[in-house]
Structures are given as C-alpha cells and as structure tokens.
Amino acid sequence: MASEPQGGLTEYIQHHLNHMTVNFSADHFWFWNLRADSLLVSFGLGVVFCLWFWLFARKATSGVPSKGQALVELAIEFVDTQVKDTFHGDRRTVTPLALSIFMWVFLMNAMDLLPVDLAGWLVHTFGGAEAAHHTYFRMVPTADINTTVGLSVAVLFIVIGHGIKAKGGFGFGKELLTAPFHAENPIAKLVLVIPNFLLNVVETLSKPVSLAMRLFGNMYGGELVFMLIAGLMVSWISFVPGVVFNTAWAIFHILIIALQAFIFMMLTIVYIATAREHH
C-alpha cells in the first residue's frame, strides 16, 4: 500500500482494493489464487477470539467479576438469549456456534475502523517507498467475497447437518421431494416430486447466497467510503473536512459492524431452527 495517493484518487482506491495474493499453478493447466491477507487476518482474529474467551473463562470467579469477565459474560448471555428466543431445541451446540459466528464476524468487521493506510505506512516505514508501492494488504476479511462465501457455505453444511440429525437421512431426503406441495393421490405425488425438489434446492442455495452477499456488500461499501474520505485528507484544504467526515462515518460504521455480525448470527440460528422443523 502506498501511504498517499500518487496517481489521483482513482489510482489510490484501485491500489487499496488489491489483495496480497499467492499464486499456485501446475503444468500451466491449473491455477489457484490465494488471498493471503484475508486468510491471515481472519485466522489471526479467530485465534484472538478463542484465546480471549478461554482466558477469561479459565479465570472466572463466582464473586464480583472483573471488567473483562463481565464483558465476556455479557456477550455470552446476549447470544444465549437470542438463541433461546429463536431456537427451541437443545441449545448446547447452537449457542457456542452462534457466539463464535457473532464474535468472529464482529472482529473481522471491526478491522474496517483501522486507518486505511496503516498497512502501507508500516511497509513504508520498515521496507521503504518502493516496497510499499508494490505491496498490497487489505485489512477487512469480510470485504472479500471469498471470506463471506466461505462462511456462508460452512453455515449451509451445518444447517443441512442439523436437518439430517433431526429427521434422519431418509426423512430429510423424503422432505426434499414431498414439501412444500403435498398430495394424497400417488400420481399427484409423483408429479409434484420435481417441483418440490427444485423449490427446495433453490431455497437451500439462496440461504448462503443471501448471507454472503449481504455481509460482503455492506463491508465492501463501508471500506470504499473510508477510502474516498481518505482521499480528501491529501491536501491541507480538505484535511479538516476529511477528518470530520472520517470521524462521523466511523461512528456510524460501528453500528453497521455490530448489526451485520448480529444479522449473520440470527439468520444462522433461524436457518438451523427451520431445518429441524418437520413439514
């Protein structure tokens, strides 16, 4: 990342929208592009979340809790309340899943509050201007469609697993062919198999698509706004308005960061609850 735009605002934004990639190929026939920045940041934040909650759970006391313990307990109670109100089965596996999704997505979204040029400044400081110009690093994993699709596909498999566990393999497969349209006549049942199957496939595939695109769209748009505002802070004339706009957008963006994590978590719980219902 460059610490300041050198070819205009358009080039500045294009530079910041590039990922740090690792390319793999075999015999020039197969090619794979790995976005290392999204992978490293998301994995690192996952480790931070696990260590953070594990340390406070390990040191938890029944007396007056510390501020850190109180924050962890507040997050757990908040998520458990949402699960209890939405999912009416055994919550022992659903609540930890919902908590992990909420906190992990929240932490990844919160990376959008870091300065746009932080990574570029670090590379420029320790590696020089030339290294900074040819180094790309995006700090927000959820502004990468690959991250949100990966999360959504994982949720899809978890939802299908809950459906099979609740109904059995035969019951799950039968429901794909006999719902939502029902019939008593054997011939009518046979006729409705294909429409039922197609509708269920569309409904199932629409869930990860909506999850992925909603989260990606909101975080990509927010990141883009920060880049546009950063472009205002180049000259002394627009520096003060840029700081004001950046502060105002950051305060508003905190709501988006938390809300998108909450929506992703809630939709996951709703999908699991729906998958366990018998039609």
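The values are calculated or read from the model by the stated rules, or taken from the named source; none is laboratory data. On a predicted model such as this, the values are computed, not experimentally measured, just so you know. Neighbour counts are summed over all protein chains in view; Cβ atoms, including those assigned to glycine, are modelled from backbone coordinates with ideal geometry. Side chains are part of the model used for accessible areas, which takes the heavy atoms of the whole protein and leaves out ligands, DNA and RNA. Shrake-Rupley method; radii C 1.70, N 1.55, O 1.52, S 1.80 Å.
I'd like to know if the stretch 108-117 contains one or more residues that are under 23 Å from Ile158 (Cα atoms) and outside any helix (DSSP H, G or I).
From the stretch 108-117, those under 23 Å from Ile158 (Cα atoms) are 108-109; that's our starting set.
Restricting the remaining residues to those that are outside any helix (DSSP H, G or I) gives none.
Checking the stretch 108-117: not a single residue is under 23 Å from Ile158 (Cα atoms) and outside any helix (DSSP H, G or I).
Selection of the stretch 34-46 for residues being open to solvent by less than 70 Å² (accessible area, probe 1.4 Å) and not in a helix (DSSP H, G or I) yields only Leu34. Out of the residues in the stretch 220-235 that are of a type in the set (Val, Ile, Thr) and assigned to a helix (DSSP H, G or I), state the one that is surrounded by the most Cβ atoms within 10 Å (Cβ to Cβ). Ranking the candidates gives Ile229 first. Entry remark, the stretch 201-219: residues being free of Cβ contacts under 8 Å to residues at least 40 places away in the same chain and either open to solvent by less than 60 Å² (accessible area, probe 1.4 Å) or more than 28 Å from Leu267 (Cβ to Cβ) (or both) number 3 in total. Within the stretch 106-159, the set of residues being hydroxyl-bearing (Ser, Thr, Tyr) and either open to solvent by 40 Å² or more (accessible area, probe 1.4 Å) or modelled with pLDDT of 85 or more (or both) comprises Thr125, Tyr136, Thr142, Thr147, Thr148, Ser152.
None of Leu156, Leu177, Leu151 is free of Cβ contacts under 8 Å to residues at least 40 places away in the same chain and assigned to a helix (DSSP H, G or I) except Leu177.
Matching residues to (1) without any contact (Cβ under 8 Å) to a residue 12 or more places away in the chain; (2) surrounded by 13 or more Cβ atoms within 10 Å (Cβ to Cβ):
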{"site": "Ile164", "(1), (2)": "yes, yes"}
{"site": "Glu184", "(1), (2)": "yes, no"}
{"site": "Leu199", "(1), (2)": "no, yes"}
{"site": "Ile237", "(1), (2)": "yes, no"}
{"site": "Leu255", "(1), (2)": "yes, no"}
{"site": "Leu267", "(1), (2)": "no, yes"}
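Can you find a residue that is of a type outside the set (D, E, K, R), within 24 Å of Val153 (Cβ to Cβ) and touching a helix residue (DSSP H, G or I) at 6+ places or on another chain (Cβ under 7 Å) anywhere in the stretch 234-257?
Yes, there is a match, as at least one residue in the stretch 234-257 is of a type outside the set (D, E, K, R), within 24 Å of Val153 (Cβ to Cβ) and touching a helix residue (DSSP H, G or I) at 6+ places or on another chain (Cβ under 7 Å).
Here's the yes/no breakdown for (1) touching a helix residue (DSSP H, G or I) at 6+ places or on another chain (Cβ under 9 Å); (2) loosely packed, with under 13 Cβ neighbours inside 10 Å; (3) closer than 16 Å to Tyr271 by Cα:
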position: Val48; (1), (2), (3): yes, no, no
position: Leu55; (1), (2), (3): yes, no, no
position: Ala70; (1), (2), (3): no, yes, no
position: Glu73; (1), (2), (3): yes, no, no
position: Phe87; (1), (2), (3): yes, no, yes
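Return the residue satisfying two criteria in turn: it lies in the stretch 130-148 and is without any contact (Cβ under 8 Å) to a residue 24 or more places away in the chain and assigned to a helix (DSSP H, G or I), and of such residues it is farthest from Met20 (Cα to Cα). Ranking the candidates gives Glu130 first.
So, Asp144, is that one among the acidic types (Asp, Glu) and within 13 Å of the chain's Cα centre (by Cα) or not? Answer is yes for this residue.
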